[in-house]
Amino acid sequence: MKLSKVILTGAVGVVSLSMAACGGGSSSGEASGGGGEQTVFKLAFNQTEEHPQYHAGEELGKRLEEATDGRYSIKVYPNEQLGGQSDVIQNLANGTVELMWVGGPVLESYNEDFVVYNLPYVFDSYESQMAILQDEELNDDLFHSIEDKGITVLAGVHAGIRNIYNSKRPVTTPDDMAGLKIRVQQSDSQVKMIELMGGVASPMNLGEVYSALQTGVLDGAENNEPTYDAIKHDEVAKYYSYTKHLMIPDYLLVSTKALEGMDEADREAFLALIPEIQELASSEFLDYAEESKQHAEELGAQFNDAGAAAFKEKLTPMVEEYMSANEARQTIYAAIKEANQANPA
Ligand code: GCU
């Protein structure tokens, strides 16, 4: 049963009213504005306090506290304090962490169809990606498909454009990738993508990448400018090359157990806040990317154009193969093409 449908129809079958009081695995016990106990949801985040998703998480907490008369609030744990994404998501699924931001590829191990938004050169523009992520009807089945595994997807947000960076040389053609050991997020699609681009893929959690670059276990990675700069990869891999190969969303996840444990009015108030948080996290990202690039340049990073067309050509058959695997993916792919036409680069 999909939670959104339950909420919309007002059915209470899955709602356990007692859980809000006992905190549903969250830390609780502070006095709330209403004079009762406050439930504090933990929000796990793998990056710094400067990141738009950190701000958006804090803002969600403030607005939630107001909307529930102090019965709920959120504490954001940045910098992988609660662990790397692929570990934290298991705790979210079992309800010991209530909220997290996660990169799209991590969700592929729960439902492979999430791959549709993680494929190279799929979105032509920020506006196109946002139009798709904000289309609730289009995403309804996908976003609720892993609730039986304990995970509810609240929203997808824009998380920049990913490019290749490394410590050896500027990449200007696929040939320059030869022999470069490149970190990817943990999914088969990401491994396959780097192989087709000409490199050697190595999946790992973000927090392990800096030292792997420093010791030479990795030659490079692929990410947006904010991550490159904020996690200080620009100190150890100074060639940042604009392959522009990915525009992968991040998702705000809530533990299905925690969501079901909220009393109905509080849960509705919480869910009503999500669209504005989605907008906030996404739009703030654009300036943040520009500032991060400037900061990395000041530190000596070298940015170059990598001629995306040659990479795109190598990756197109992969995209077609993944997108045509079933009807659900075909429907989403058609919608993306329409969104691209309406919102060109
Ligand atoms: C981006 C993305 C994160 C992801 C990270 C990564 O920064 O926003 O969600 O974890 O890339 O490459 O692991």
- prompt: Can you list the aspartates and glutamates whose alpha carbon sits under 15 Å from that of Lys244, skipping same-chain ones fewer than 8 residues off?
  reply: Asp124, Glu222, Glu225, Glu290, Asp305, Glu313
task: About the Cα centre of the chain, how large is the charge dipole given +1 on each Lys and Arg Cβ and -1 on each Asp and Glu Cβ? Please answer in debye to the nearest 20.
output: 840
- prompt: If the cut-off is 21 Å between C-alpha atoms, which lysines fall inside it for Lys257, apart from same-chain ones fewer than 8 positions away?
  reply: Lys2, Lys5, Lys42, Lys75, Lys149
message: Need one number: % antiparallel among DSSP beta bridges in the chain, to the nearest 5.
response: 55
- request: Can you spot the lysines whose alpha carbon is less than 17 Å from Lys238's alpha carbon? Ignore those fewer than 8 places along the same chain.
  value: Lys168, Lys181, Lys293
query: Could you give the dipole magnitude of the stretch 147-247 about its Cα centre, charging the beta-carbon of Lys and Arg +1 and that of Asp and Glu -1, in debye to the nearest 20?
result: 180
task: Just name one of Val319, Val236, Asn205: the one whose Cα is farthest towards the positive end of the charge dipole of the stretch 201-345 (beta-carbon charges, Lys/Arg +1, Asp/Glu -1).
output: Val319
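FYI, it's all coordinate maths here, none of it is from the lab. It should be emphasised that the depicted structure is a prediction, and the values quoted were computed from it without experimental measurement. Every residue, glycine as well, gets a Cβ built from its backbone with ideal geometry; the counts of neighbours run over all protein chains shown.
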